[in-house]
Amino acid sequence: MKIQTFILCCMAAFIVNCQSNQKETIAETPPIEVKDTIPVHVPKFDYDTTKWLDLADLDPTIVMDLRYATANNFVEEKMYECGRCFMRPKAARKLVETHKALQEQGFALKMYDCYRPRPVQQKLWDKVPNPNYVARPWKGSEHNKGVAVDLTIVDKDGKELDMGTPYDFFGKEAHQTYTKFDNPEVVKNRQLLRRTLRKYGFKHIRTEWWHYSYKGKVVSRAISDMLWNCEN
Ligand SMILES: [Zn+2]
């Protein structure tokens, strides 16, 4: 036998030996247990995050008191199937920054209303067809565009700061310029809300201390019909 042939035979014998060893190793491995349920990937977000963000997903420490998801509102009727606080992404992120700035001072934001779908605006209008209280659905409000919020400030115990009137109080006492309150803290509390929100790009309106809208650039300012999922 030539030396080359001998080497080839040895290599072939080695490979066959290795393969047989592998077979033995596989045979010794216990069978993989097949479980009844296969884990399903559940996405964290059930909406298009390029178009909307839910504030509760961004920061669960923001207090939610979404009044139109209950009968505790000025129309005394539940207007949303469930309460969720959506905003256009940039506006939502800026609101979280506002909340964090307040947290550093021992406070937190509490949300009364956020994005309001046009069909809900129509329902509100059908109930109260008065432009002094409800925006015309065909014209829309900043809430219908996903850039406006109704909100207040709570302290570390979750107690609302005194803002002089309840939410959705329609009268001069709710105006930003009204100052004749018995409690001198009211003006300071409103100033804290206004000053902090302004810093992060939100503007107020004259007649409602609780209403602010984001004035920066967002993905869209169109009036929206998006209805959120209540299944989760
Ligand atoms: Zn509002």
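Scan segment 119-160 for residues that are small (G, A, S) and surrounded by fewer than 19 Cβ atoms within 10 Å (Cβ to Cβ) and jot them down. Steps first, please.
Of the residues in segment 119-160, the ones small (G, A, S) are 135, 140-141, 146, 148, 158.
Result: A135, G140, G158.
Within segment 210-219, can one find any residue that is under 21 Å from the mean Cα position of the chain (by Cα), within 13 Å of the ligand (Cβ to nearest atom), without any contact (Cβ under 8 Å) to a residue 40 or more places away in the chain and assigned by TED's automatic domain parsing to the domain that holds A92?
To start, the set of residues in segment 210-219 that are under 21 Å from the mean Cα position of the chain (by Cα) comprises 210-219.
Now drop any that are not within 13 Å of the ligand (Cβ to nearest atom), which leaves 210-214.
From what is left, the residues that are without any contact (Cβ under 8 Å) to a residue 40 or more places away in the chain are none.
Looking through segment 210-219, none of the residues is under 21 Å from the mean Cα position of the chain (by Cα), within 13 Å of the ligand (Cβ to nearest atom), without any contact (Cβ under 8 Å) to a residue 40 or more places away in the chain and assigned by TED's automatic domain parsing to the domain that holds A92.
Remark: pairs (first residue in segment 190-209, in contact (Cβ under 8 Å) with a residue 40 or more places away in the chain; second residue more than 12 Å from the ligand (Cβ to nearest atom) and in a strand (DSSP E or B); Cβ separation under 6 Å; 6+ apart in sequence or on different chains) = L193/I153; G201/Y214; F202/Y214. Taking the numbered list (1) out of contact with any strand residue (DSSP E or B) (no Cβ under 9 Å at 6 or more places or on another chain); (2) buried (at least 18 other Cβ atoms within 10 Å of the Cβ); (3) closer than 27 Å to D157 by Cα in turn, G106 passes all entries but (2). Looking at segment 58-77, can you tell me whether even one residue there is crowded, with 21+ Cβ neighbours inside 10 Å and hydroxyl-bearing (S, T, Y)? Yes, some residue in segment 58-77 is crowded, with 21+ Cβ neighbours inside 10 Å and hydroxyl-bearing (S, T, Y). Just one residue in the set N189, N130, N183 is more than 12 Å from the ligand (Cβ to nearest atom) and modelled with pLDDT under 95; that residue is N130. Contact map, segment 94-105: residues that are on the phi < 0 side of the Ramachandran plot paired with residues that are basic (K, R) and exposed (fewer than 15 other Cβ atoms within 10 Å of the Cβ), Cβ distance under 8 Å, separation 6+ or inter-chain. Pairs shown: T98/K199; A101/K199. Residue pairs whose Cβ atoms lie under 7 Å apart, sitting 6 or more positions apart in sequence or on different chains, and linking a residue in segment 128-149 that is at positive phi to a partner that is more than 10 Å from the ligand (Cβ to nearest atom) and in a strand (DSSP E or B), are G146/F86; G146/M87. Among the residues of segment 136-152, those that are within 13 Å of the ligand (Cβ to nearest atom) and out of contact with any Pro (no Cβ under 8 Å at 6 or more places or on another chain) comprise G140, S141, E142, H143, K145, G146, V147, A148, V149, D150, L151, T152. Taking (1) within 13 Å of the ligand (Cβ to nearest atom); (2) touching a residue at least 40 places away in the same chain (Cβ under 8 Å) in turn, D155 satisfies each apart from (1). Criterion applied to A174, A148 was being among the small types (G, A, S) and within 20 Å of T98 (Cα to Cα), and the one residue passing it is A148. Against the numbered list (1) within 16 Å of the ligand (Cβ to nearest atom); (2) modelled with pLDDT of 95 or more; (3) surrounded by 15 or more Cβ atoms within 10 Å (Cβ to Cβ); (4) in the same structural domain as K100 (by TED's automatic domain parsing), S224 comes up short only at (4). Does R84 fit the bill of being of a type in the set (K, R), more than 14 Å from the ligand (Cβ to nearest atom) and either in a helix (DSSP H, G or I) or surrounded by 18 or more Cβ atoms within 10 Å (Cβ to Cβ) (or both)? Yes: the conditions hold for R84.
Residues in segment 161-176 that are among the hydrophobic types (A, V, I, L, M, F, W, C) and within 16 Å of the ligand (Cβ to nearest atom) were compared, and the one that is surrounded by the fewest Cβ atoms within 10 Å (Cβ to Cβ) is F170. The requirement of being at pLDDT 95 or above, part of a loop (DSSP other than H, G, I, E, B), within 11 Å of the chain's Cα centre (by Cα) and farther than 23 Å from Y133 by Cβ is fulfilled nowhere in segment 64-81; no residue meets it.
The values are calculated or read from the model by the stated rules, or taken from the named source; none is laboratory data. Quick caveat: nothing in here was measured; it's all calculated off a predicted structure. Counting neighbours? That spans all protein chains shown, and the Cβs are built from the backbone with ideal geometry, glycine included.
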